[in-house]
Structures are given as structure tokens and as C-alpha cells.
1. From the residues in the stretch 236-252 that are surrounded by fewer than 19 Cβ atoms within 10 Å (Cβ to Cβ) and touching a helix residue (DSSP H, G or I) at 6+ places or on another chain (Cβ under 7 Å), which one is nearest to residue 20 (Cα to Cα)?
2. Give me a count of the residues in the stretch 279-306 that are at negative phi, in a loop (DSSP other than H, G, I, E, B) and surrounded by 13 or more Cβ atoms within 10 Å (Cβ to Cβ).
3. Do you know which residues across the stretch 307-317 are touching a residue at least 24 places away in the same chain (Cβ under 8 Å) and either crowded, with 17+ Cβ neighbours inside 10 Å or over 29 Å from residue 206 (Cα atoms) (or both)?
4. Which of the residues belonging to the stretch 95-107 are assigned to a helix (DSSP H, G or I) and farther than 19 Å from residue 170 by Cα?
5. From the list 332, 276, which one is at pLDDT 95 or above, in contact with a helix residue (DSSP H, G or I) (Cβ under 8 Å, 6 or more places away or on another chain) and surrounded by 13 or more Cβ atoms within 10 Å (Cβ to Cβ)?
6. Need a quick list: helices (runs of 4 or more DSSP H) entirely within the stretch 108-207 having at least 3 residues that are within 26 Å of residue 80 (Cα to Cα) and modelled with pLDDT of 95 or more.
């Protein structure tokens, strides 16, 4: 894998993955970052990478549904592997407006798979990054595994389920060399503030209400983003082709526990007149809110030797500190200022 095309590389996990690749001594190739730069795509997440590796990092502003532009990029940069992160990914947004989720997550993945067919002599791996939400909701016991039946609950998870099925079907029908990963909830630096953990951190710093859906008992398995990046790279380099791997942090927490943990850390790292716990506010639950997600990542651990390195408590503290220490990034993202910069830098 000398020339890896990363889709959605300006988003939260994609940007962290690119940063991870350039931190590794065993990777000396090029990264071609394809991103449409929607509201959650921020090229400023990688400006230092662009400066430090001018010969090894390339950015192409493009929609993954744009087959012509993507095909030209694959040819120009002699792409031999694709790591596909690009997706519309916020459940609440999918409930309000599912159209973009169907287009990007299903048709975008289809477009990339068709390009893998076209450039089959050149592209040696297509890795598809997916979510545990495709499996639906667990009860109080049990875990998702690679053989768990799909049972999506939201337009977002349904669109990701469809893209997963396309990937595996192209592997079986056309012989496309693929790997697939389904991960639990990620957290860490550069996450867009609409997601639970950064939203709570930033609201807490500003003394705003901390909205918790329902009774806060919904459970998620939390995975530090760098551990996820390490898992993806391990799967790409050592995983069996045609296989899927579940990636989890073995860190189940209720939403309310997570918010309370954030309050405790904020009270230590940025003391206020009153504890942030007073800001917790219970709000009406969202439709189709899955009760519990939990991943059994035994296959990944035993076959490929990967294990999460970050404990939830230490990873959460790192994350809180990162947002405290990067107020300018937060300001530009929340105000939309970075989008004005994008319009200037990448004008048609």
C-alpha cells in the first residue's frame, strides 16, 4: 500500500487516521485525501500534516459520488488501496433529513466499489469503515459480534447497513479484495461539537445546560479514536480479505455516566463557582433510540493482536484537555468561520 486514498479524511476519524499514518515509522507512502468538505469536514485539521509532508500528502476536494473526479485521482496518484471513512453520520440529522444519508452512504460507497472494479489491476484493497449501529439494539446482556444479524433502527444505521452489504456482495460477486470494520462510539480530538462528548465538554465550559436524552440509561461502548485508527491499520495490513472485524473499546457506559464523568473532569481541569453536575438536563428521548451497544472484539484481538490501549477514564481526560487547550479550533468550527476559509481556499 504505497498510495492510499482516504475518503472523508477531513472529518473526525478520517483526520485522526491520516495523522496516525504519518506518525508511523512503517508507513512511507502517500495519502490522497478525498473530502467533499460538508459542515463536518475541516481541512484545518490537517494543515500541519500538509506542511510537514508536502510530497506525501495530497488533498482533493470531491464528492464520493463523483465517479469521474475520483477516477482521475486514482489514475493520477496511482492509488493501490482505499480506506473509506466518508459518511453522513449523525443519527439526529438522519431522522430530520435522510436524503443525504442515502445518497452519500449508499450511492457513494457504490461509486467507490465500481471504481475498484474498473481499476481492479491497480487497487489491491478496499477497506470499509462502518458502525455497530447496523446491528440494532442489545438488551441488558450480550455483545455484538461479526455474526450478529443486522437490525438497523435509524435512517443513518440503515444506510450504513446497506453499504456494508454492498461491500461484501462486491467481494463475493466480483472478487474485489475488501475488509470491513464495525466500530463502537468514537471519541477524542477534532470531533465535531454536535456529538455527545464534545457537546457536553463545550456546554459545560460555558455553563450551558447538558441535555441528556430520556433517563440517560442508554449504554454505549466507547472507543478512543487513536485505538480505532490503530485497529483499522492493523486490519488493512494483516486482516483476511473478505472478512469483517468488530472494533470496540470494552468500555460500556450509560450516557448519564459519561456526562457525569465529564462534569467531574471539568470541575478539576477548569473549576467554576458551582459544579457542572447542576447543568445536567433531561430532555425528550429521540425516536428509535437504541438501548445498548456493546462489542465483542475477540476476533480482532486473537487473529490480529490488537487491543485498545486507552482506558475510558484516561482517554476522556485527554479529550477534555484537548478541547480546553484548543479554543481557537472550537471557535472557528462552531461559528462556521472555517467554512468561509474553505470557500476562499477551494473556490470552484
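The values are calculated or read from the model by the stated rules, or taken from the named source; none is laboratory data. Computed from a predicted structure; not experimentally measured. Every residue, glycine as well, gets a Cβ built from its backbone with ideal geometry; the counts of neighbours run over all protein chains shown.
1. 238
2. 10
3. Matches in the stretch 307-317: 308, 309, 310, 312, 315, 316, 317.
4. To start, the set of residues in the stretch 95-107 that are assigned to a helix (DSSP H, G or I) comprises 95-96, 99-107.
Across the stretch 95-107, the qualifying residues are 95, 96, 99, 100, 101.
5. Sole residue among the options that is at pLDDT 95 or above, in contact with a helix residue (DSSP H, G or I) (Cβ under 8 Å, 6 or more places away or on another chain) and surrounded by 13 or more Cβ atoms within 10 Å (Cβ to Cβ): 276.
6. Numbers: elements: 109-118, 155-174, 196-206.
The helices (runs of 4 or more DSSP H) meeting that bar are 109-118, 155-174.
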